[in-house]
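First comes the structure, then the notes that go with it.
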Amino acid sequence: MALVQCDYFSETLGMNTSMTVILPQKTVSQIGMEGAGGADKHPVLYLLHGLSDDHTIWLRRTSIERYVASLGLAVVMPNLHKSFYTEMEQGDRYWTFLTEELPVVARSFFPLSAEREQNFVAGLSMGGYGAFKWALNYPERFAAAGSLSGALDMHGHREKLKPGEGLYVPIRKAFGERPIKGTIDDLLWMAEQADKQTGPKPLLYQCCGTEDFLYQDNLNFREACLRTDLQLTYSEEPGATHDWNYWDKKIQDVVNWLPLK
């Protein structure tokens, strides 16, 4: 594998930003790890971070580079700060940056496939929300999407928060008081809209621990999907909480679940 720390200028954000990228490399003499690669254009997983983290966190907390080495899969890990992957009320246009600028820039730098069947997205917590939001809004771009302990019922979650609670300020900075229910920021509603579409729909993988503070969010999203024809693979682990021990295990399940061709 090749590991690239990429610092570049974003026209959308009007500032320098960063992404960490893993690129496949076919190897025959590397000790302790098999490397696969050789494609002209690599299949790619966009891997999104959570609220308190950045583009480096997946490498620092998991062995994601080792997990994808034998799959020939590129991994793009962008930095989107505390944006909740939206056009922030008090901040920048991170939804436009993520969905329009990032893929174009990444493909201009690296040999990444633009084909739907070779594009995937996943994330944890806030990043799980971003991954499903991206895939459900642009089903023509992604073959599959994964959420690990995602904040998947943003409307319900915001309604429960009280001033002074930990997520109250970042959620208000991201969404303000604007409506979430019935908009592209509402994943329960987006699942219903995806069900009405006639084109291909992304496969979905969802997991959460039963002791996670976002467990009810995940139950709500699962129930919404059960009312549709979306193909959802669901996993919950009794006793698991919102932590990296759980995510390090589950990201292995996600990359092995991806429908790589």
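For residues in the range 129-156 being in a loop (DSSP other than H, G, I, E, B) and charged (D, E, K, R), which is surrounded by the most Cβ atoms within 10 Å (Cβ to Cβ)? Steps first, please.
Taking the range 129-156 and keeping what is in a loop (DSSP other than H, G, I, E, B), we get 138-143, 149-153.
Filter once more, keeping what is charged (D, E, K, R): 140-141, 153.
Working: 140: 10, 141: 16, 153: 25.
Ranking the candidates gives 153 first.
I'm trying to understand the selection: among the residues of the range 201-219, which are part of a helix (DSSP H, G or I) and surrounded by fewer than 17 Cβ atoms within 10 Å (Cβ to Cβ)?
Going through the range 201-219, the residues part of a helix (DSSP H, G or I) turn out to be 215-219.
Residues satisfying the conditions are 216, 219.
Which ones in the range 157-187 are among the basic types (Lys, Arg), in a helix (DSSP H, G or I) and out of contact with any Phe, Trp or Tyr (no Cβ under 8 Å at 6 or more places or on another chain)? Correct list: 160, 172, 173.
The single condition among (1) within 28 Å of residue 245 (Cα to Cα); (2) over 13 Å from the mean Cα position of the chain (by Cα); (3) at pLDDT 95 or above; (4) not charged (D, E, K, R) that residue 179 does not meet is (1). Those helices (runs of 4 or more DSSP H) of the range 28-116 in which 2 or more residues are of a type outside the set (Asp, Glu) and under 25 Å from residue 14 (Cβ atoms) occupy 102-109.
If you check 219, 232 for being more than 29 Å from residue 43 (Cβ to Cβ) and in contact with a Cys (Cβ under 9 Å, 6 or more places away or on another chain), only one passes: 219.
Against the numbered list (1) free of Cβ contacts under 8 Å to residues at least 12 places away in the same chain; (2) in contact with a strand residue (DSSP E or B) (Cβ under 6 Å, 6 or more places away or on another chain), residue 74 comes up short only at (1). Suppose we keep only residues that are among the aliphatic types (A, V, I, L, M) and part of a helix (DSSP H, G or I) within the range 220-239. Which one would you say is nearest to residue 129 (Cα to Cα)? Per the criteria, the residue is 224.
Yes/no per residue for (1) within 22 Å of residue 247 (Cβ to Cβ); (2) over 17 Å from the mean Cα position of the chain (by Cα); (3) aliphatic (A, V, I, L, M):
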{"site": "17", "(1), (2), (3)": "no, yes, no"}
{"site": "27", "(1), (2), (3)": "no, yes, no"}
{"site": "39", "(1), (2), (3)": "no, yes, yes"}
{"site": "53", "(1), (2), (3)": "yes, no, no"}
{"site": "72", "(1), (2), (3)": "no, yes, no"}
{"site": "79", "(1), (2), (3)": "yes, no, no"}
{"site": "84", "(1), (2), (3)": "yes, no, no"}
{"site": "87", "(1), (2), (3)": "no, no, no"}
{"site": "121", "(1), (2), (3)": "yes, no, yes"}
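Every residue in the range 27-53 that is crowded, with 16+ Cβ neighbours inside 10 Å and under 21 Å from residue 128 (Cβ atoms), please. If the condition is that a residue be crowded, with 16+ Cβ neighbours inside 10 Å and under 21 Å from residue 128 (Cβ atoms), then 43, 44, 45, 46, 47, 48, 49, 50, 51, 53 are the ones that fit.
Within the range 8-27, being at pLDDT 95 or above and not in a loop (DSSP other than H, G, I, E, B) holds for 8, 9, 10, 15, 16, 17, 18, 19, 20, 21, 22, 23.
Is it the case, given these coordinates, that residue 3 is crowded, with 16+ Cβ neighbours inside 10 Å, assigned to a strand (DSSP E or B), touching a helix residue (DSSP H, G or I) at 6+ places or on another chain (Cβ under 7 Å) and in contact (Cβ under 8 Å) with a residue 60 or more places away in the chain? Lay out the reasoning, then the answer.
On the way: crowded, with 16+ Cβ neighbours inside 10 Å: no; assigned to a strand (DSSP E or B): yes; touching a helix residue (DSSP H, G or I) at 6+ places or on another chain (Cβ under 7 Å): yes; in contact (Cβ under 8 Å) with a residue 60 or more places away in the chain: yes.
Criteria not met by residue 3.
When only residues in the range 240-261 that are in contact (Cβ under 8 Å) with a residue 24 or more places away in the chain and part of a loop (DSSP other than H, G, I, E, B) count, which is surrounded by the fewest Cβ atoms within 10 Å (Cβ to Cβ)? In this case the residue turns out to be 261. Could you list all residues from the range 224-261 that are touching a strand residue (DSSP E or B) at 6+ places or on another chain (Cβ under 9 Å) and among the β-branched types (Val, Ile, Thr)? Selection gives 233, 241, 251, 254, 255.
Identify all residues within the range 106-124 that are surrounded by fewer than 24 Cβ atoms within 10 Å (Cβ to Cβ) and either at positive phi or among the aromatic types (Phe, Trp, Tyr) (or both); write none if there are none.
Of the residues in the range 106-124, the ones surrounded by fewer than 24 Cβ atoms within 10 Å (Cβ to Cβ) are 106-119.
Within the range 106-124, 109, 110 qualify.
The values are calculated or read from the model by the stated rules, or taken from the named source; none is laboratory data. As the structure is a computational prediction, the values presented were derived from the model and not from experiment. Quick reminder, even Gly has a Cβ in these numbers, built from the backbone with ideal geometry, and neighbours come from all protein chains shown.
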